[in-house]
Every structure is written in C-alpha cells, then in structure tokens.
Amino acid sequence: MRLTTVLRGGRYNSPVMRSGTQNTPPALEARKISRLYESSGRGVSDVSLRVAPGEVFGLMGPNGSGKSTLLRVLSTAIAPDSGSFHVGGVDGLKERRKVRARTGLMVDSPTHYDALTGRANAYFFARAYGMEKDKAKGVLAELFDYFDLTEYADDRVKTYSYGMGKKLALIEAMAHGPEVLLLDEPSLGLDYTSQLAYQNKVRELAGAGAAVLLASNQVDEVEALCGRAAFLHRGRVVAEGTPEELISSVEGVRRIVATLRNPVEYGPVAEVGGVRRVVPEGRDLVFHCEERPGIVADVVAGVVRAGGDIVNLSVRRPNLEDVFVKLTGEALRDEV
C-alpha cells in the first residue's frame, strides 16, 4: 500500500495554542532526522516536526515505528545519522549540554538506582539538571505530594511497584521546569487517579509555556491532551494534523466493539464483507468496518458463528486508531 502524507502543517488547536500561532518560534524543531540501526534496519527516516511553546504534540505509531528512537535523538542520548534539531534555538548537535539542561525526558521503561530512595534518585536528577539545592528540595517535595509518593519517598526504589517507578520518572523529568518535555508512553502502568494527575500536570506545564512531545498509543489520551499529532509508520511520518482534522479524514468507516465472555478464534469474522480489520483488545474485539447497511448485524452474526458470546456491543465514532488503519492497513497497537 502506498503511504501518503496528509494534513501537514495543521493549525494549533489545543487549549493553549490556537489558530494564528503558526509563526511562533518553535520550542523544538527537528529537520529531516534519520537514525537507523544496523542490526534491524529500523529507526527513523527523514522526520521533521515543530512543537511550539505551550503545545502538546502527540507522536503515535506501533512498536518499532521509531517513536523511542526519535525521542532518544531529541534528548541527545544518541546522535542522528543525518538531519538537525534545535531546542529553544539551541543546536542539538553542537550544544548538547545546553539542550539537555532545557529538556526533560521520561523513557518508556525507566531505570533508577534501586539501592537509593525515591527522594535520592529524584534529587540526583534535579541537581544534574542544574537545580540549586534548596529549590530542588522544595520542588521535589511538592511533586512527591502531587503524585502521591510522599509516603514512599524515603523507601528504596527496589521496593517500588512498576507504577510507582513511572511516577518517580515523571517527577525526575518535570522537576527542573524544562522548556521541552519528552514523554515516552508515560501513562502505561499508572492507575486511573495517577493518570488524571499526570494529564493535569501536563496541561499545567503547557499552560506555563512548556512544549510537550508525547509518544503514546493511548488514543483517548492523545485526543484529550494534544493540539496536534503525527503518525510514524516504519520510521516515517505518514500523517500530521489536529486530532479533529485527522479523524475527519476517515470517511465511510464504522468502529464496532464487541465485548466477549470468552476469547474466540475471530479469523472467519474478518472475512465478513466490509470488515477491514479485527483487533483484539483484552476481551474486546474491535472491528474496523466500511459504512454500509447491515454491517453491524453481519458482524454480530459472524461472531456468534465463531462461538462468541457477546456481553456488550457498541458502535463508536472513528478515532485516531481508525485513521492509522486506513493509512497503513496495520493496527496502531499490537494484537494481544
């Protein structure tokens, strides 16, 4: 399938960035970034993007699409094979130390000094970013309280759960008040309350002028937080625009979600006329279908023939995952 880049240069449409701000100097600008790994040939190729101060920009794509590689390049952790990028006008290739001081990074699988306490880990990062001692202590105390970690601040990190480690990583990335915040799958592993806290903090930081690049395949999260989003597929940007623009580009698509009592072999249902793709999500089967009369009844009949016991059925509006499926013919999230 030939991929076509659509909706490039979409207008800003978040609560902070509005129409008419396209001329705002970017807080983060990447130009034709390429970085491929010799072992796999994967990475990113010729990726360009701009994130304005106060903007939350979503980066979406399945595992192996290049999201983490791009964030590693933009954080100066690895050098690109070609291309350039600037943070606040500072050259990311020539002035790496200055760029690091202006950037906060949370990786998808955070690592810490397990023998140290959560507070000691966060303090180490804050000082490494150049924060003064007293200021670091005050800011960290506020963040530990905000993310409900104060009770565990003096426990060794090796006793932390996965979700607690993710919250600690968010604190470490945010404490020094970065101009640019790079977040790689930040909400995975967080409970509902912690997800709300994290999303509100991102809005607060963007409202104060920080640029946020959010790599996530949580569709609801991206639609709620991001003024613009881009899809990566096999290392290349295949679409960019506001969530509303991207979703509106999906015409004639219906999304049917069937919750089953028990898993079934769903392959035959994919052969139902008009079904473009079936994606399992836990006990749900998500059907990406053409809009035609009788499609819902045909899908239900196909599931029943396959031995499925449907306990809940919903027909939903298209979302960003449907856009990706239409562009690439592949699922945004891995099948489970």
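The values are calculated or read from the model by the stated rules, or taken from the named source; none is laboratory data. These figures come from a predicted structure and were not determined experimentally. When we count neighbours, we look across all protein chains shown, and the Cβ atoms used for this are built from the backbone with ideal geometry, even at glycine.
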Exercise. Hey, among the residues in segment 98-120 that are loosely packed, with under 15 Cβ neighbours inside 10 Å and either of a type in the set (Asp, Glu) or within 22 Å of Leu59 (Cα to Cα) (or both), which one's modelled with the lowest pLDDT?
Worked result: Ser109
Exercise. Considering segment 283-312 alone, what residues qualify as being in a loop (DSSP other than H, G, I, E, B) and either surrounded by fewer than 14 Cβ atoms within 10 Å (Cβ to Cβ) or touching a helix residue (DSSP H, G or I) at 6+ places or on another chain (Cβ under 7 Å) (or both)?
Worked result: Arg283, Glu291, Arg292, Pro293, Gly294, Ala306, Gly307, Asp309
For this session: Please go through segment 45-67 and pick out each residue that is under 14 Å from the mean Cα position of the chain (by Cα), surrounded by fewer than 22 Cβ atoms within 10 Å (Cβ to Cβ) and at pLDDT 95 or above.
Result: none
Problem set entry | Filtered residues of segment 32-44 (kept if touching a residue at least 40 places away in the same chain (Cβ under 8 Å) and either closer than 21 Å to Leu332 by Cβ or surrounded by 22 or more Cβ atoms within 10 Å (Cβ to Cβ) (or both)) | Ile33, Arg42, Gly43, Val44
Exercise. Of the numbered conditions (1) touching a helix residue (DSSP H, G or I) at 6+ places or on another chain (Cβ under 8 Å); (2) charged (D, E, K, R); (3) surrounded by fewer than 15 Cβ atoms within 10 Å (Cβ to Cβ), Arg261 satisfies every one except a single condition; which is it?
Worked result: (1)
For this session: Identify all residues within segment 180-194 that are of a type outside the set (A, V, I, L, M, F, W, C) and either surrounded by fewer than 17 Cβ atoms within 10 Å (Cβ to Cβ) or in contact with a Pro (Cβ under 6 Å, 6 or more places away or on another chain) (or both); write none if there are none.
Result: Asp191, Tyr192, Thr193
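Kindly indicate which of Leu260, Leu313, Leu225 is aliphatic (A, V, I, L, M) and under 30 Å from Thr69 (Cα atoms). Before you say what the answer is, go through the steps one by one.
Numbers: Leu260 fails: under 30 Å from Thr69 (Cα atoms); Leu313 fails: under 30 Å from Thr69 (Cα atoms).
Criteria check complete, one pass: Leu225.
Are any residues in segment 302-336 of a type in the set (A, V, I, L, M), touching a residue at least 24 places away in the same chain (Cβ under 8 Å) and out of contact with any Asp or Glu (no Cβ under 8 Å at 6 or more places or on another chain), and if so, which ones?
Initially, segment 302-336 is screened for residues of a type in the set (A, V, I, L, M), giving 303-304, 306, 310-311, 313, 315, 320, 323, 325, 327, 331-332, 336.
Right, trim to touching a residue at least 24 places away in the same chain (Cβ under 8 Å) and you get 303, 306, 310-311, 313, 315, 320, 323, 325, 327, 331-332, 336.
Answer for segment 302-336, where residues must be of a type in the set (A, V, I, L, M), touching a residue at least 24 places away in the same chain (Cβ under 8 Å) and out of contact with any Asp or Glu (no Cβ under 8 Å at 6 or more places or on another chain): Val303, Ile310, Val311, Leu313, Val315, Val323, Val325, Leu327.
Residue under question is Ala230, and the condition is that it be modelled with pLDDT of 90 or more, loosely packed, with under 15 Cβ neighbours inside 10 Å and in the same structural domain as Leu70 (by TED's automatic domain parsing); does it hold?
On the way: modelled with pLDDT of 90 or more: yes; loosely packed, with under 15 Cβ neighbours inside 10 Å: no; in the same structural domain as Leu70 (by TED's automatic domain parsing): yes.
When the stated conditions are applied, Ala230 does not pass them.
Residues to consider are Glu142, Glu151, Glu223; find the one that is surrounded by fewer than 20 Cβ atoms within 10 Å (Cβ to Cβ) and at pLDDT below 95. Reasoning before the result, please.
Working: Glu142 fails: at pLDDT below 95; Glu151 fails: at pLDDT below 95.
On inspection, the qualifying residue turns out to be Glu223.
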Problem set entry | Filter pass, Gly235 being assigned by TED's automatic domain parsing to the domain that holds Pro62, small (Gly, Ala, Ser) and either within 25 Å of Gly64 (Cβ to Cβ) or touching a Cys at 6+ places or on another chain (Cβ under 6 Å) (or both) | yes
Exercise. What are the residues in segment 27-44 that are assigned to a loop (DSSP other than H, G, I, E, B) and modelled with pLDDT of 95 or more, if any?
Worked result: Ala27
Exercise. When you go through (1) crowded, with 18+ Cβ neighbours inside 10 Å; (2) of a type outside the set (Lys, Arg); (3) more than 30 Å from Tyr129 (Cα to Cα) one by one for Ala270, which number turns out not to apply?
Worked result: (1)
Exercise. Quick check, is Ala197 in contact with a strand residue (DSSP E or B) (Cβ under 9 Å, 6 or more places away or on another chain) and not acidic (Asp, Glu)?
Worked result: no
